[in-house]
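Quick notes on the structure that follows.
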Amino acid sequence: MGRVKAIARKSSKPLSRKVVPLHPLAATPSSDGGLRPRRGKLKDPTTPKRIQDPSFMAEVAFSHWNNFLEHGSLPELKKAIKIDRQLIKLHSSTKDPREFEATENLGVSLLSLYEKTNEREVLDEAQGLLRTALAHMPEGHPSVARAKINLGNAWRARSELMGEPDILDIAIDFYEAGLSDTPADHPSWDMEIRKSCLARSLIARGTPADLSRAMSLMATKAVRGNVQLQLSSLPTRQNILGLPVPDLTAGIRRITDFPSGCGGFADIYMSEWIQPRKGRCKVAVKVLRSGGSNLNNPEVHEKLEKLLKTEVGIWHELNHPNVVKLLGTCNGFGPYASMVCPWYANGNLPCFIQKHKSLIYSERLRLIREIASGLYYLHTNAIIHGDLTGANILIDDDQHACLSDFGLSVLAQDLELPSMSQSSSSMGGSLRWTAPELFSFEENATPKVSLFSDVYSFGSVALEVFTGDRPYHYVQSDMEVLLKYIVNRIKPARPKGIQDDHWQVVDQCWATDPQSRPSSRSLSGLFTCIE
């Protein structure tokens, strides 16, 4: 079997499903039982007694591959690649029909190596090997569907390298073909990962039809209240985790006994992170408030801890200049693991704008473009923010905007965390930024947070950047905003000082028809300076 994003070596042993960020796919163990895992430390397959044993060599390569996934060790990946090359030569010399399996394994390993090195020749070889493996698979072989998805991963990587939309079209074609060839009884967790491969590429291409199709592919997750959030769109969250999230408990020292700030569902403690040989730096420890009732039920508490670990793992995988970076987690601040992030001395967007009221127009446009860039990055990773407001955008030391707290509203629902804003709805204090289609007074209605509702919220954040005021700032009551304005589709009034082209984009973000709103991909380019 070909190795894919999680793992796809033949083995009768249950396989770890941790993955690397480039190609999110996992293959299932073979029905024929595959290779039996050996106990203890595996010997070097290059010894004379083992060099001609392809089964043992494949098992050792699998072990190195698994170590790479668990620990991110590049030497382990290179060892797997070396053995894969030896296996191909051995299969070729004996005319072994299993050669295509080793060929695909090598192709996937090289695709992982390309992600680490960004060397084009590595991608070229990986893509060539995956093509060869697919071409030599017997018709109707159960690995054909996975091989097509793997080749789609390679084409998507090439599209990102070359920046050519036509290449992304080829990736999407392979994903479509792979899904079409996947049997209906295929394991659901892996099916969701395969769907996510296609959904991410459709989002990247960004046509209205693509976005609609992507939304249909992305799984939904029911939460309390009358809103269904799609942040579970990422395939079976535990299947896309890469390296373990660092536990920084030993190096974290609390500076203050009281929170330095309070968000909707968490308190922020100013702390220090002490690193050997690197000194110390100021960090923010985000502590989720406990609901209380869950703490008395060990079974529920354990389940919720696993959920938190999964959500934190996804955040840790993200890496973008306009998305807040998760440094790790720590214990000792609350009943759950707390999240450690850089300290943002400039605070959140509303505080920054109020402090810099004389900020020139071009700088406000820059902030809006950075917010758009961060949002598009989340969307291309099949993550819906779900709670995009000015308060959830932090400003770093160089005055760049960074998105934060994506998915926290969903996590808070599942953990039943008490909110600082219980006054008006399940949306808490963020309803002024919330798309009107997410509010329904009909029984059994289940509106869905989507890519389009994120764009609506983006329009409200852009208004906030331009004016320094929250949406509908001229209305004091949140409930009045909801019942009199949002439900009746009355948009915020146009303030003075916004150029026509830019106001037109903001207004389009609030379009009644969600699919008429701009894509997150286009937003950054729509807020340029007009001379």
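The values are calculated or read from the model by the stated rules, or taken from the named source; none is laboratory data. Nothing here was measured: the structure is a model prediction, and the numbers come from that model. Every residue, glycine among them, receives a Cβ derived from its backbone with ideal geometry; neighbour counts consider all protein chains shown.
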Of all residues making up region 385-394, the number that are closer than 11 Å to I371 by Cα and in contact with a strand residue (DSSP E or B) (Cβ under 6 Å, 6 or more places away or on another chain): 2
Sole residue being more than 30 Å from W189 (Cα to Cα), at pLDDT below 50 and basic (K, R), chosen from K13, K41: K41
Matching residues, region 136-151, being polar (S, T, N, Q) and not in a loop (DSSP other than H, G, I, E, B): N150
Residue in region 195-205 that is within 30 Å of S92 (Cα to Cα), out of contact with any Ser or Thr (no Cβ under 9 Å at 6 or more places or on another chain), basic (K, R) and part of a helix (DSSP H, G or I) present: no
Residue ID - modelled with the highest pLDDT, chosen from residues in region 485-526 that are acidic (D, E), in a helix (DSSP H, G or I) and within 26 Å of D210 (Cβ to Cβ): D507
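Residue-wise test of (1) at pLDDT 90 or above; (2) surrounded by 21 or more Cβ atoms within 10 Å (Cβ to Cβ); (3) in contact with a helix residue (DSSP H, G or I) (Cβ under 9 Å, 6 or more places away or on another chain).
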site	(1), (2), (3)
H141	no, no, yes
K148	yes, yes, yes
L151	yes, yes, yes
G163	no, no, no
I170	yes, no, yes
Test result for I498, in the same structural domain as S440 (by the TED database) and farther than 30 Å from T380 by Cβ: no
Candidate set from region 486-500 (those that are under 33 Å from the mean Cα position of the chain (by Cα) and surrounded by 14 or more Cβ atoms within 10 Å (Cβ to Cβ)); member that is farthest from K357 (Cα to Cα): I486
Count of residues meeting criterion [β-branched (V, I, T) and either touching a His at 6+ places or on another chain (Cβ under 6 Å) or more than 30 Å from A382 (Cα to Cα) (or both)] in region 501-531: 1
Filter result for A250 (over 28 Å from S430 (Cα atoms), in the same structural domain as G332 (by the TED database) and either at pLDDT 75 or above or of a type in the set (S, T, N, Q) (or both)): yes
Flag if G374 is closer than 27 Å to M270 by Cα, among the small types (G, A, S) and under 20 Å from the mean Cα position of the chain (by Cα): yes
S440 assigned to a helix (DSSP H, G or I), of a type outside the set (A, V, I, L, M, F, W, C), touching a residue at least 40 places away in the same chain (Cβ under 8 Å) and assigned by the TED database to the domain that holds I383: no
Residue check, D405 in the same structural domain as D454 (by the TED database) and in contact with a Phe, Trp or Tyr (Cβ under 8 Å, 6 or more places away or on another chain): no
Close pairs (6 angstrom Cβ cut-off, 6 or more residues apart or separate chains): more than 20 Å from F100 (Cβ to Cβ) in region 54-79, among the aromatic types (F, W, Y) and buried (at least 21 other Cβ atoms within 10 Å of the Cβ) anywhere: E76/F68; L77/F68
Residue match in region 355-364 (condition: surrounded by 18 or more Cβ atoms within 10 Å (Cβ to Cβ) and not basic (K, R)): no
Residue count, region 472-498 (criterion: in contact (Cβ under 8 Å) with a residue 40 or more places away in the chain and at negative phi): 6
Output for region 301-357, where each listed residue is farther than 17 Å from A284 by Cβ and either in contact with a strand residue (DSSP E or B) (Cβ under 7 Å, 6 or more places away or on another chain) or assigned to a loop (DSSP other than H, G, I, E, B) (or both): N319, H320, P321, N322, P335, H356, K357
The listed residue being at pLDDT 85 or above and not basic (K, R), out of T207, T220, T182: T182
Residue count, region 421-437 (criterion: outside any helix (DSSP H, G or I), modelled with pLDDT of 65 or more and hydrophobic (A, V, I, L, M, F, W, C)): 1
G291 vs. criteria modelled with pLDDT under 85 and among the small types (G, A, S): yes
Residue within region 45-65 that is part of a loop (DSSP other than H, G, I, E, B) and in contact with an Asp or Glu (Cβ under 8 Å, 6 or more places away or on another chain) present: yes
